[in-house]
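S.K.: Handing you this structure, nothing more for now.
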């Protein structure tokens, strides 16, 4: 019987939310499902198991698609890195140091890299939590990442992000070099999906220096539960 993940929370340090990395949708889903299985107040378990049945049930997939996505995502995640800005230094590290897939059993085991432990376990302050189910319908990695970046400031209801920082966090330095393309291909589709499929209502406005857009202001509120279907 598949574990029901709908009540799980994703808790991450704010540094991890603001870090620079590139993942596919399936890899990001695997990461947040794994993090949601962690008690962020306690020591991180050495191995985290995710089954295809629970993964498929959460994201509305057929079981065979769940098998395939877990297999592909765990293999690719092993090669991925994440970058943290620490003062003047830029630190690179891997997400996981071990991935094990059981084809006949439809489950995967992953072990997060020890250097990532402070960002997802035994966290005492400077962290953000959200319900895993809030992002389960999102089909874009940009939508999930932008949701996390905004939810971090839910108590304030607004934040600004420079275009340079957004490109860096999403690793888009060499893509969508024109603001018009970034807005059309990343920002507007992500916000449209967030507004339609999550518990946030968001609008944004650009801020210019001269004729160049340098930052984006986001204004957002949490929908009433009756207006958001879990």
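The values are calculated or read from the model by the stated rules, or taken from the named source; none is laboratory data. Just so you know, these numbers come straight off a predicted model, no measurement behind them. Ideal geometry is used to build each Cβ from the backbone, glycine not excepted, and the neighbour counts take in all protein chains shown.
S.K.: Please report, ordered by residue number, the strands (runs of 3 or more DSSP E) entirely within the range 91-186 with at least 3 residues that are over 28 Å from residue 68 (Cα atoms).
M.R.: Correct list: 127-131, 158-162.
S.K.: Of all residues being part of a helix (DSSP H, G or I) and touching a residue at least 12 places away in the same chain (Cβ under 8 Å) in the range 187-224, which is surrounded by the most Cβ atoms within 10 Å (Cβ to Cβ)? Just the residue, please.
M.R.: Checked the range 187-224; the qualifying residue surrounded by the most Cβ atoms within 10 Å (Cβ to Cβ) is 194.
S.K.: Which one of these is within 24 Å of residue 164 (Cα to Cα) and either touching a residue at least 60 places away in the same chain (Cβ under 8 Å) or part of a helix (DSSP H, G or I) (or both): 22, 76?
M.R.: After applying the criteria, what remains is 22.
S.K.: Might you let me know whether the range 125-133 holds any residue that is surrounded by fewer than 15 Cβ atoms within 10 Å (Cβ to Cβ), in contact with a strand residue (DSSP E or B) (Cβ under 9 Å, 6 or more places away or on another chain) and over 27 Å from residue 41 (Cα atoms)?
M.R.: no
S.K.: Which of the following residues is modelled with pLDDT under 95 and outside the structural domain of residue 57 (by TED's automatic domain parsing): 211, 167, 159?
M.R.: That would be 211, the only listed residue that is modelled with pLDDT under 95 and outside the structural domain of residue 57 (by TED's automatic domain parsing).
S.K.: Looking at residue 113, is it farther than 27 Å from residue 206 by Cα, free of Cβ contacts under 8 Å to residues at least 24 places away in the same chain, in contact with a strand residue (DSSP E or B) (Cβ under 9 Å, 6 or more places away or on another chain) and surrounded by fewer than 20 Cβ atoms within 10 Å (Cβ to Cβ)?
M.R.: Taking the combined requirement at face value, the residue satisfies it.
S.K.: Can we say residue 82 is assigned to a strand (DSSP E or B), at pLDDT 95 or above and touching a helix residue (DSSP H, G or I) at 6+ places or on another chain (Cβ under 7 Å)?
M.R.: no
S.K.: Then there's this: Given the structure, is residue 34 farther than 24 Å from residue 167 by Cα, in contact (Cβ under 8 Å) with a residue 60 or more places away in the chain and not in a loop (DSSP other than H, G, I, E, B)?
M.R.: Criteria met by residue 34.
S.K.: Looking only at residues that are surrounded by 15 or more Cβ atoms within 10 Å (Cβ to Cβ) and modelled with pLDDT of 95 or more in the range 39-50, which one is nearest to residue 13 (Cα to Cα)?
M.R.: 48
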